[in-house]
Amino acid sequence: MNNNEDVADTLLNYVLLDDNKKVVELIKSTVDVNMYNFMGTTALHHAASINSISMVRLLLENGAKSMQDSTGKFPEDWASDPGVIKSLQEKKLRNLIHIV
């Protein structure tokens, strides 16, 4: 892959395909799970958008952070599944508690 945008797009595509195996391979090859595309969306936004609890957990376990996209939305704003939303909010809360 030639540049960060290509790597980010590859990661986002595998997340949208809900391909945990390929995402794990990318993570093991030291791909940053917090890379974002030109819209500011991350793998976590896309995992939330397809309501994949397993992908959300995989990303969170590998350091994914809940960040705003270019429209100001967080990954949990993209989700409709209560389990996905809860996982994302719990992680955000744990991070806040850790900071304090």
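Side notes on the structure shown:
- Lysine pairs in the chain with Cα atoms under 18 Å, if 8 or more residues apart or on separate chains: 8
- Within the stretch 6-38: backbone nitrogen closer than 17 Å to the T71 label point (7 Å, Cα to C-beta): 37-38
- The simple spin-label model puts a point 7 Å past each Cα toward its Cβ; for K92 and L16 those points are separated by 2.4 nm.
- Based on Cα contacts under 8 Å between residues 6+ apart, the chain shows a relative contact order of 24 percent.
Any read-out appearing in this document is the output of simple, stated calculations on the displayed coordinates, not a laboratory observation. Remember, it's a predicted structure, so these values are computed and weren't measured experimentally. All Cβ positions, glycine included, derive from the backbone under ideal geometry; neighbour counts span all protein chains shown.
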